[in-house]
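**Q** One structure, as structure tokens, below. Some questions next.
The values are calculated or read from the model by the stated rules, or taken from the named source; none is laboratory data. Predicted model only: the values in this text are computed from it and were never measured. Every residue, glycine among them, receives a Cβ derived from its backbone with ideal geometry; neighbour counts consider all protein chains shown.
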Amino acid sequence: MLEEHVDEIQAADAAEGWGGDKYVLFSGPEGERLFISLVSFDSFQDRAEVFDAYTVFGTIKVQEDGGTSAALGDTGRKWVMPDQTIFMGQDGPIVLWIIGRDEKIVGTAIDLLFEGLQAAASP
């Protein structure tokens, strides 16, 4: 998939070092869907290669689809297209993906995840 918009070497480097993943797919009563995935990599370098490759891939794809792309500091990216919004964030060797139909549902998912993390971290 990456080779569609990223050169072969960068795509191959990004494919190495996958340490595993967990994901959940939510489906709403009106056919809404939300995909959330945590992908771990063997090292920070492996994660950085994937993050960089998908940043290139997503930015090119979103331009083709007439959407927008935004960096969210050094650790996140968001792509908004007419029929899909994708968030990708990184922390340590982990990449978080949230993919939904629109920007509002993805934003709500991000807010709820951060609220949950803050609650889990408080005594």
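**Q** Could you check, for region 30-47, whether at least one of its residues is surrounded by 13 or more Cβ atoms within 10 Å (Cβ to Cβ) and acidic (D, E)?
**A** yes
**Q** Which residue pairs have Cβ atoms under 8 Å apart, sit 6 or more places apart or on different chains, and have a first residue in region 44-69 that is in contact (Cβ under 8 Å) with a residue 40 or more places away in the chain and within 16 Å of Q10 (Cα to Cα) and a second that is aliphatic (A, V, I, L, M) and part of a helix (DSSP H, G or I)?
**A** That search, which allows pairs on different chains as well, returns V50/A14; D52/A14; A53/L2; A53/A11; A53/A14; Y54/L2; Y54/A14; F57/L2.
**Q** So, one more: With (1) part of a helix (DSSP H, G or I); (2) touching an Asp or Glu at 6+ places or on another chain (Cβ under 9 Å); (3) hydrophobic (A, V, I, L, M, F, W, C) as the list, and A48 as the residue in question, which single condition is left unmet?
**A** (2)
**Q** Another question, if that's okay. Please go through region 103-123 and pick out each residue that is under 14 Å from the mean Cα position of the chain (by Cα) and over 27 Å from F44 (Cβ atoms).
**A** E103, G107
**Q** A follow-up question, please. In region 34-52, how many residues are of a type in the set (G, A, S) and touching a Phe, Trp or Tyr at 6+ places or on another chain (Cβ under 6 Å)?
**A** Qualifying residue count, region 34-52: 1.
**Q** Inspect all residues belonging to region 2-25 and state whether any of them is surrounded by fewer than 18 Cβ atoms within 10 Å (Cβ to Cβ), over 20 Å from L117 (Cβ atoms) and modelled with pLDDT of 85 or more.
**A** Looking through region 2-25, at least one residue is surrounded by fewer than 18 Cβ atoms within 10 Å (Cβ to Cβ), over 20 Å from L117 (Cβ atoms) and modelled with pLDDT of 85 or more.
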